[in-house]
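Everything below concerns the one structure shown next.
Where a number appears in this text, it was derived from the coordinates with a stated rule and is not lab data. Computed from a predicted structure; not experimentally measured. Cβ sites come from the backbone with ideal geometry, for glycine too, and all protein chains shown count toward neighbours.
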Amino acid sequence: MRHVVFLSGAGISAESGISTFRDSGGLWDTYDVMEVCSAGAFQRNRHFIMDFYNKRRKDLATVQPNPAHFMIAALQREFPGRVLNLTQNVDDLFEKAGCQHTIHLHGELTKARCERCGFVWHIGYRDIDPEERCPSCKGSSVRHHVVMFHEEAPEYEHLYAAIEGLAHDGMLVVIGTSGFVLPIDEFARMAPHSILNNLEPLPTIDESAFKVRLYEPATSAAPKIAAMVREYLG
C-alpha cells in the first residue's frame, strides 16, 4: 500500500518563531553549540546546560504551530495509518497541531528523563528543578529528554525501518533540514517518490536525489506538498 514518510528539521518550526542554531541570528550566534548540546559539556557543566534547556522549554509554551504542521496533521487524518511523521525537532508543535504518533528522533523538550532507571515523563513547560526526583525510582539524576551530540539516539531504529520501507510504494517528504546530521539525499534515493522543501539549495545535500524540489518557506510550500501527497495516496 502506498504510504508517505515525512522527515522534518528546524526549518519547519522556524516560521513559528523557534530559533534555529544554524541560521543567521540563530542560537549559534549566542551559544557555542558544543557547549550546550554535547554530552561532554553536560558532564562538565550540568547546571548551565539544564538552565539552557529550561529556558528553551519556557519559551516553547507560547509558540504555536504553523500551516506546515497543520498540513501533516490533516493528511494523517485523511489517510489513517499511511502518513508517518518523523522529526529531528524537540518542540511540541506537531502535537499542538494534532499530529498523531510523531517520532521525535532527538527527544522532546517537554519531557524529563531519569539517568538512573531510564524512565521518561511529561513535564510540560516548567523547569527541571535541581532537586527533582524520578517518579519511578525516586532517583535524583534527572535531566532533559533531549539527545545531545555524542549520545545515542534510540529512536533512529524507527527512522531506518521507515527508510527501508520506502522502497515499497513509499514517498519521502523532507522539510526544513540542512542535511548535516542525517544523509537525507541517500534516503531519497531509496524512495520511488521524494520531495525536498528547503529555503535554498545547500552544499550538504545532493538535491538531484529528490524528484521534486521546493525552495521556499515551509508555510508556502505546504499546500503544494499536500496536493502532491494526496495525488500519490489517493
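Structure notes:
- Between residue 129 and residue 78, residue separation times 0.36 nm minus the direct Cα-Cα distance comes to 14.2 nm.
- Relative contact order (%) - criterion: Cα under 8 Å, at least six apart; region: the chain: 23 percent
- Under conditions of 20 °C and 1.002 mPa s, the chain yields 116 µm² s⁻¹ as its translational diffusion coefficient, taking Rh as the Kirkwood radius over Cα pairs in the Stokes-Einstein equation.
- When the chain is treated as a Gaussian network with alpha carbon springs shorter than 10 Å, the biggest mean-square fluctuation among 185, 127, 59 belongs to 59.
- Three principal axis extents of the stretch 1-111 based on alpha-carbon atoms, in descending order, are 49, 24, 22 Å.
- For the chain, share of DSSP beta bridges that run antiparallel, in % to the nearest 5: 25 percent
- Computed from phi, the 3J(HN,Hα) profile of the stretch 140-146 under the Karplus parametrisation 6.51, -1.76, 1.60 (θ = phi - 60°) reads 9, 8, 9, 9, 5, 9, 10 Hz, with x in place of Gly and Pro.
- With a simple spin-label model that places each label point 7 Å from the Cα along the Cα-to-Cβ direction, the separation between residue 186 and residue 164 comes to 1.5 nm.
- Segment residue 61-residue 138, extension gain: residue separation times 0.36 nm, minus the distance between their alpha carbons: 25.0 nm
- Interchain or long-range residues, amide H under 5 Å from residue 123's placed H: 111, 112
- Global geometry of the stretch 120-174, whether rounded, prolate or oblate, following the gyration tensor of its Cα atoms and the 1.5 cut on a/c: prolate
- Top of 176, 81, 11 by mean-square fluctuation, Gaussian network on the chain, Cα under 10 Å: 81
- Shape category assigned to the stretch 175-234 from the gyration tensor of Cα positions, a/c cut at 1.5: oblate
- Computed over the chain with a Gaussian network model linking Cα atoms closer than 10 Å, the most mobile of 162, 74, 188 is 74.
- Placing R0 at 22 angstrom, the Cβ-Cβ distance between residue 149 and residue 116 gives a FRET efficiency of 0.45 after rounding to 0.05.
- Cut-off 15 Å, label 7 Å out along Cα→Cβ of residue 44, residues of the stretch 133-167 by amide N: 149-150
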